[in-house]
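Heads up, the thing below is written out as structure tokens.
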Amino acid sequence: MRTEVAITMTTIQEIQRFAGIGLRLPHIAEVVATRPPVGWLEIHPENFLANPHAMELLLELAEQYPISVHTVGISVGSVCGIDREHLKQLRSLVEKINPILVSGHLAWSTQGEAYLNDLLPIPYNEESLQLAAKHIREVQEHLGRPYLIENPSSYLGFETSTMRETEFLSELVERTNCRLLCDVSNVYLSSHNLGYDAYEYIDRFPAGAVAELHLGGFTPEEDSAAPGDEIWVDTHECAVADGAWELYAYTIRKFGVVPTLIEWDSNIPPLATLLKETARAKAIVAGAVSVEACHAGSC
Amino acid sequence: MPALANIQQAMRQAIVAGVSSDLDALFTGGKEPRKRLEIHRRHYEASLVKAMLEKFPATTWLVGSAYLSDGARQYIREYPPQDPCIAAYGATFPQYLALCPGSDRLPYLQAFAELEWHVGQVSIAIDYPAIPIEELAAVGIDTLPATVLTLQPGTRYLHAGWPVDELMRYFLTDTAPDQLEFEPSGVWLEIRGARGEFRINRLEEADFLFRKAIWEGLPIGVVAERLLEFAAAFEAGKALAGIVSAGLVAKLAVQGDCQ
């Protein structure tokens, strides 16, 4: 069964010119108290489901802000299947806050009974495709809404891969009618680590399915296998790199204006720093919109 | 060509247990792609050790961050999380830590860490409107023994053979003396909290047993009988009124009554 796209378009149109921020627990009291001028908030449900106090504050914020739910625990790439209890809890949360978007990762994180607390890569081949498509359909049917799949940050690939990541994502969209979350910083980082052209990747990305963009910081480290070379690690512990901002501007021109989120998960800075990053995204979007308007002859 | 199930099994072994013998041919990327799996192994370890340090700051204060981190590293290897909600992970860590080499010098370590675990759990709870005493009074004498009380979610009970609440107070108030003569002495603790706040109350043993049995969901009649066996002079009615007037009871239901 295909799940029809039923994103609340009015709300999406309202928020797409404003960047959102990832709402992390250290900021929640300040956001509740000060209600900063941010377009929308994105949460990891796993931070709230076992924390009733945080959940109570979230429900209060959901009355004022559009909320997007970004899961890290729905393991669509796992051979062991999806944690149905977790999916049930996710549905309960979704029913409570009626988020504008629900998303997750093209990754796996559970094996046997172990939850590995990371987003681990899968090979891009028919076996993985069938598995991920089956799980995405299961999630969408359970939630009764489209699920957005995010492209991963990558450090390695697999000998068993038979297709490019963008082909894999296109096939997932085709087979499940899911939407995509394009993490521009992940594209920038992975292209460096795996040696491909980030702009060509964006050109090949299934633009028509993109419903959200992410931006986050990474940390360069020396590649232990190649002294002098760097490997970029997706830490979300610093500001978005200039190169990723340039790729973002290109992406916006390519995909059109899409809701954009600033992620910052470690060494979390003052809220004002995050708001400054959203202002930069907003300025890039405004620039893209004015260029479009000029092309349309209204300037 | 290895199937996905085998790849994921091998990756789990590498990430959780650091065993990576079968992975050479699996990966591409960089000069030595297998070394890049180390980034995931390191993230697994670092993120969960950090989570344990954040959950147990008082225990870290007591034993030092190196000792706690070492214990956490072993714990996450032997007992990986089973749930993506990491806030719920670590309930058995106090017990595990108390079996780590060197812990025999701190016989109160497990109880202290358990107290801290409970403090963390009640602090993120929310409380519900407490039932008024009139609601309890309205329960008929015939149905009272079968009545089950649900206590506020942010309530826990802990019996320790050492006064670990004193140690916790030193930590919380940053008033630890240079030297402390710490002697074993039983304490019966009630830990209550909600919305970022908590308090630790010492109870008399009988009152502790009564409240803990109520907290476990036993019917009032069973609890009263158990306490009378423990202490013939125990006043169950007074104890019952005490937990209601303290705002501890969030719900009252008669066992077997679907309403």
Practice prompt. Having 2 or more residues that are aliphatic (A, V, I, L, M), touching a strand residue (DSSP E or B) at 6+ places or on another chain (Cβ under 7 Å) and more than 20 Å from B:Asp127 (Cα to Cα) is the bar; report the strands (runs of 3 or more DSSP E) wholly within the stretch B:155-259 that clear it.
Written response: none
Worksheet item: Restricting the first residue to the stretch B:192-216 and requiring it to be within 14 Å of chain A (Cβ to nearest Cβ), which pairs with a second residue that is open to solvent by less than 60 Å² (accessible area, probe 1.4 Å) and part of a helix (DSSP H, G or I) meet a Cβ separation below 6 Å and a spacing of at least six or different chains?
Response: B:Gly193/B:Val122; B:Gly193/B:Ser123; B:Arg195/A:His53; B:Gly196/B:Ser123; B:Phe198/B:Val119; B:Phe198/B:Val122; B:Phe198/B:Ser123
Worksheet, complete the sentence: Checked A:Ile43, A:Ile21, A:Ile67 against criteria (open to solvent by less than 10 Å² (accessible area, probe 1.4 Å), touching a Lys or Arg at 6+ places or on another chain (Cβ under 9 Å), on the phi < 0 side of the Ramachandran plot and away from chain B (no Cβ under 11 Å)); the one match is A:Ile43
Practice prompt. Quick one: which strands (runs of 3 or more DSSP E) lie wholly within the stretch A:101-197 and hold at least 1 residues that are charged (D, E, K, R) and either touching a residue at least 60 places away in the same chain (Cβ under 8 Å) or within 14 Å of chain B (Cβ to nearest Cβ) (or both)?
Written response: A:114-120, A:148-150, A:179-183
Practice prompt. For the stretch B:205-225, name all the residues that are within 25 Å of the chain's Cα centre (by Cα) and either open to solvent by 80 Å² or more (accessible area, probe 1.4 Å) or of a type in the set (Gly, Ala, Ser) (or both).
Written response: B:Ala206, B:Ala213, B:Trp215, B:Glu216, B:Gly217
Item to complete: Kindly establish whether B:Glu135 is closer than 25 Å to B:Trp215 by Cβ and without any contact (Cβ under 8 Å) to a residue 60 or more places away in the chain.
Response: no
Worksheet item: What are the residues in the stretch A:239-264 that are within 20 Å of A:His192 (Cβ to Cβ), open to solvent by 40 Å² or more (accessible area, probe 1.4 Å) and of a type outside the set (Phe, Trp, Tyr), if any?
Response: A:Ala239, A:Asp242, A:Glu246, A:Lys254
Discussion item. Here is a check on your reading of the model: is B:Ala88 open to solvent by 50 Å² or more (accessible area, probe 1.4 Å), small (Gly, Ala, Ser), at the interface with chain A (Cβ under 10 Å from one of its Cβ atoms) and closer than 25 Å to B:Ile124 by Cβ?
Written reply: yes
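The values are calculated or read from the model by the stated rules, or taken from the named source; none is laboratory data. Bear in mind that the values here come from a model prediction, so they are computed numbers and not experimental data. Positions of Cβ are backbone-derived with ideal geometry, glycine not excepted, and every protein chain shown enters the neighbour counts. Please note that ligands, DNA and RNA were not included when accessible areas were found on the heavy atoms of the full protein model with its side chains. Shrake-Rupley method; radii C 1.70, N 1.55, O 1.52, S 1.80 Å.
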